Amino acid sequence: MRIAAPLIAAAAMLVTSFLIFAFLGKEPLNALEVFFIEPLSSLYGWGELLLKATPLALCGLGLALGFSANVWNIGAEGQLTLGAICGGGVALYGGAHLGTLALPVVLIAGIAGGAAWAAIPAFLRTRFNTSEILVSLMLVYIAQLLLAYLLHGIWRDPDGFNFPQSRAFDERILLPLLLDGQRANLAFPVMLVLAAISWVFSTRLFAGYRMRVGGQAPAAAAYAGFSERRNVWLALMIGGGAAGLAGACEVIGPIGRLQVDISPGYGFAAIIVAFVGRLHAMGIVLAALLMSLLYLGGESVQLGLQLPAAVTGLFQGLLLFYLLAADLFVGFRLRRVPRVVALRA
Amino acid sequence: MNIEFLVAIVSGTVVAATPLIYAALGELIAERAGVLNLGVEGMMLVGALAAFSVGVASGSLLLGYLAAVCTSMLLALLFAVLTLSLQTNQVATGLALTLFGLGLSAFAGRKFTGLPIQGLRPVWIPGLSHLPVAGPLLFRFDAAVYGSILLYFAVDHVLKRTRAGLQLRAVGESPAIAHALGQPVLLTRYAAVLFGGATSGIAGAYLSTALTPMWVEGMSAGRGWIALALVVFATWKPLRVLLGAYLFGGVTILQLHAQGLGVGVPSEILSMLPYAATIVVLVIICRDPKTILLNQPASLGKSFHPDV
Amino acid sequence: MTDRPAVARLILRGITKRYPTILANDGVDLAVTAGEIHALMGENGAGKSTLMKIVYGVTRPDAGSIEWEGSKVTIHSPAQARRLGIGMVFQHFALFETLTVAENIVLALDERLTPAALAPRIRTVAERYGLPIDPQRLVHSMSVGERQRVEIVRCLLQSPKLLIMDEPTSVLTPQAVRQLFDTLRRLAAEGTSILYISHKLEEIRSLCDNATVLRAGRVSGTARPREQDNAGLARLMVGNDLEDRPLQPREAGEVRLELKDFSMAARDPFGTALRHINLEVRSGEIVGIAGVSGNGQKELLAALSGESIASHAGSISLCGRRIDAFGAAQRRALGLGFVPEERLGRGAVPGMSLAENTLLTGSHAGMVRHGVVQRSVARASARATITAFKVKCGSEQSAAERLSGGNLQKFIMGREIRLAPQVLLAAQPTWGVDVGAAQLIHRALIDLRDSGSAVLVVSEELDELFTICDRIAVLTAGRLSAARPRSQLTVEAVGLLMAGAAQECANA
């Protein structure tokens, strides 16, 4: 029952994409093939699928935990950026000195960076009743500006012709690839492990139960003595840490350096991944793979059919709309409505 | 400080504030009816593109603005159908609207990037515009600026003194009671959401035809979100929306001119100012739970089920 | 009533209304004549509110017909009902707190008037019927009694031919009730028909000419209240004589719960401050707190349960230990149980199963070990609760929201009682619950008390308090009277206690 809606939504999106391609003057079946099938026609393509799915799933897992607890972290993109900054910073300065420890330290730095960035909305919500939606969002822009500042200034590659990017990281600190001939790396299996952990947390641990109650019925959580404060902090720290990890993995993975453009909106796309995945670990992994395919498809039709890559963004938005509509026919609805700006008694 | 600099500051502030005023006043109406529409950013972008593209294609800015209003209202209608008639979660749907608007405008706007457009021109008011100091300071704005002031007066009047405004406020406090009394809850909310869509469209149109006359993907740069924050900052009162918008406009302009004034802060850090300021004002308003309790429309964000 | 040919005003024939989980009305017949005060009686959940929603046009019947002044009508909306001349005063007032009296009334009327233009008419009608109100006041600043006056004036402005009153006295003190009855009698004398919905036998016998009794959605009988005694009417409502088990007096033991000179400011601008409350509940006794809703009950319970630990004066002790700073979870661990007034959303999470809901308060009872949820233990506990308290549901995996109000209340009550608390707080334990379930709950509370727990019951129903409590205190405007043994009190005396402070409120 619970998977019916995402399937309906995916199907609806498929039909719409058919129509959009036709409208754009391309032979639709061919275009669908170029969009959905071609990216997967080689080992390299599958590697790209896993590669892009990883940050989507990492962010999505963290966000889903929060959403089910009625904590609306919209700023995963900013936390991802901070994770990249912190992880990248360690990679830049510590790569040579840390030896084998370098990789774990970078990842921890990424988690810490993302979590610290998410601590801001957590603090402002628990202490000052301020909506985490707007605060975390504002912090996205601030994070991106921070990255730009660092890359135009102290972290700029001296040999980089004045491009706003850092030195390339030392090879030894990059994430090891899963297979030669493609780009998927250690981050993917790490993500799978974290997905399993998040499932256990949500369904089997009391802390996860407390968060779900806090999300579904805040009055019941208060009645039971579950601390809302603790739930909010936990939700945001986990969400921020996951996004930070994703950011660090991007820069010591496929990107290999710090640059202004480290994410094609993974933090926002992860919101869609969380919903389409039904806030469930397994669903999120699958939804991340689907979303990843949408990214690859956009690039594929850009190369093969001279269509704009922006078609990806269009499809992503459509997918979420269809999901919300499809939910009705299946009777599943997000029960809680977020407390937008402040606590109401 | 010479007069030209003062004029630049004031007019810059007003111009920066104008799209915020439109978007925030529209969202205020929607929220006073109890509907939280997080899709403002998406509607603004679509409106910006519509105004720019139709403006360039037809040569008429008026047509461009009309197109902006229509397309944004269409998106708002989509949002309304989903959240009001089909009762989907308002936050998720609003986010979907923004993401969709981002993607749609990026997709459809690729042809228009980098094209030039003749932006809005200042309106010359006989007599007033020619005053020595006050003229250039206060009376040489474009039509949309004056429109935003008129909009404020209209919204304020409707809310406080008309039956429609009373109905809106009633629905915003308790749709259940309003329904039991026979008020058209759904219709009121639809109208409020569509109104918000229309003004977001104008706000977006202003961005691409006046503030920076051009089209660039994602050009609203978070102004839709700032408008949402403004509504909270204003505790849902129109006058405070106006004042808050000018405050933000001022912050934006100061940041732009700071470098020229020889302030030694890097430009990226200065660019953070509007966003940081948004966070600060939100904290100030939200700290005291009583402020929100007394001012926030009681049914904000909650779906309404008629026959329960 | 004089014998004159009765002018039929409203006739309902065979009204049936089905909801997904319940058959609310099943072939209901009802007739009201001009100038008649007609009672619609029944226990909570018997179908009275649904029937009135149909008459007022809020919902439509699935079957049956309505005749108004001799001709058949279909009532599509409240506006149409008002046009026909039907006015309704809701049980839960349909008032907007952030608007003024005049603005509220303007919205409810169908004429296009401004609040300012309406104000003089409001004042005139209000004075004429002895219900003084100020049109410019904001509703949130008004007391419950004043708000009801606004509701009534709102109806009267439209000169209704039929006035429906839905449980009007559930929030009034005895003195305010008398005032209301005077107004109603005056209206009836002028020819207005009144449909009076209530389950309060004394009031109906005092006020009403005729009565139609609903039980489980059907008409179980009609009566002339003045010619019946309470027992007769109760039989019609309930079907069998209420089981009457006199409370066995018991020696109360040590003090389990104690409030000493406890004062706390209101958190909510619309709330009530608690003032200098002194209360003791001992092992083996049931103490009841009477009072009309809105006098601080919610605040007191939240302060006791640990949901509200704001700064306060005075002290709270549980089993001799100060718990002022302890949160709800800690208090539970020390043996405090709580059955809240709100079931779905507070006492239970609607979307979770009964087994998962057992976890809500059972984390100290072996259901959580080292942070891991012991699902089988929770399931077993839920099953035991369901059996012991005869909860009608699919299984322990059924979602809480699928249960009827009475069954959910039995589950929550059972869940808390089975934790063998040192102290149990119960708020409105049988509100909206059918008679059988209410009896079971009362029996369970008494058994709990007999086993040595201390029980505190907060309830608006004086009957309930007099049935199960050893001592009763009254809460008014945040102040608690001394708790006196039940044998030393009468319903009237308690009512006066409630009214005493209500006067203060009105004068404030």
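The values are calculated or read from the model by the stated rules, or taken from the named source; none is laboratory data. Please read these numbers as outputs of a predicted model, since none were measured by experiment. Here Cβ is always computed from backbone atoms with ideal geometry, including for glycine, and neighbour counts include all displayed protein chains.
Out of the residues in region C:318-357 that are in a strand (DSSP E or B) and within 28 Å of the chain's Cα centre (by Cα), state the one that is surrounded by the fewest Cβ atoms within 10 Å (Cβ to Cβ). Working first, answer last.
Narrowing region C:318-357 to residues in a strand (DSSP E or B): C:318, C:321-322, C:336-339, C:344, C:348, C:353.
Right, trim to within 28 Å of the chain's Cα centre (by Cα) and you get C:336-339, C:344, C:348, C:353.
On the way: C:LEU336: 27, C:GLY337: 24, C:PHE338: 27, C:VAL339: 23, C:LEU344: 18, C:ALA348: 28, C:SER353: 21.
Within region C:318-357, the match that is surrounded by the fewest Cβ atoms within 10 Å (Cβ to Cβ) is C:LEU344.
Among the helices (runs of 4 or more DSSP H) contained in region A:6-100, which hold 2 or more residues that are within 16 Å of the chain's Cα centre (by Cα)? Steps first, please.
On the way: elements: A:28-32, A:43-68, A:76-98.
It comes to A:43-68, A:76-98.
For residues in region C:90-141 being more than 12 Å from chain B (Cβ to nearest Cβ) and hydrophobic (A, V, I, L, M, F, W, C), which is farthest from the chain's Cα centre (by Cα)?
By that ranking, first place goes to C:ALA119.
Given the criterion touching a Gly at 6+ places or on another chain (Cβ under 7 Å) and crowded, with 17+ Cβ neighbours inside 10 Å, identify the matching residue among C:ALA81, C:ALA31.
Only one candidate qualifies: C:ALA81.
Test C:THR183 against the criterion of being assigned by TED's automatic domain parsing to the domain that holds C:VAL55 and under 23 Å from C:THR476 (Cα atoms), and give yes or no.
Answer is no for this residue.
Out of the strands (runs of 3 or more DSSP E) lying entirely within region C:17-91, which hold 2 or more residues that are within 16 Å of B:HIS179 (Cα to Cα)?
Where strands (runs of 3 or more DSSP E) fall fully within region C:17-91 and carry at least 2 residues being within 16 Å of B:HIS179 (Cα to Cα), they are C:86-89.
Sort out which residues of region C:107-122 are in contact (Cβ under 8 Å) with a residue 24 or more places away in the chain and not in a helix (DSSP H, G or I), and write them in order of number.
C:LEU109, C:ASP110
Suppose we keep only residues that are outside any helix (DSSP H, G or I) and modelled with pLDDT of 85 or more within region B:89-113. Which one would you say is surrounded by the most Cβ atoms within 10 Å (Cβ to Cβ)?
Per the stated criteria, the residue is B:GLY109.
Look at region C:50-73 and say how many of its residues are crowded, with 20+ Cβ neighbours inside 10 Å and among the hydroxyl-bearing types (Ser, Thr, Tyr).
2
So which of C:ILE164, C:ILE133, C:ILE194 is without any contact (Cβ under 8 Å) to a residue 60 or more places away in the chain and either in a strand (DSSP E or B) or not charged (D, E, K, R) (or both)?
Unique residue meeting the criteria: C:ILE133.
Quickly run through region C:269-286 and pick out the residues that are within 14 Å of another protein chain (Cβ to nearest Cβ) and surrounded by 14 or more Cβ atoms within 10 Å (Cβ to Cβ).
C:GLY271, C:THR272
Given the condition modelled with pLDDT under 90 and within 19 Å of C:ARG346 (Cα to Cα), answer yes or no: does some residue in region C:432-444 qualify?
Within region C:432-444 (the criterion being modelled with pLDDT under 90 and within 19 Å of C:ARG346 (Cα to Cα)), the answer is yes, since at least one residue qualifies.
Could you tell me which residue of region B:217-275 is surrounded by the fewest Cβ atoms within 10 Å (Cβ to Cβ), considering only residues that are assigned to a helix (DSSP H, G or I) and in contact with a Gly (Cβ under 6 Å, 6 or more places away or on another chain)?
Among them, the one singled out is B:ILE253.
Name every residue in region B:89-107 that is within 7 Å of another protein chain (Cβ to nearest Cβ), more than 17 Å from B:ALA33 (Cβ to Cβ) and among the polar types (S, T, N, Q), in order of residue number.
Across region B:89-107, the qualifying residue is only B:ASN89.
Determine which member of the set A:LEU289, A:LEU294 is more than 14 Å from chain B (Cβ to nearest Cβ) and either touching a helix residue (DSSP H, G or I) at 6+ places or on another chain (Cβ under 8 Å) or buried (at least 24 other Cβ atoms within 10 Å of the Cβ) (or both).
One residue alone meets the criteria, A:LEU289.
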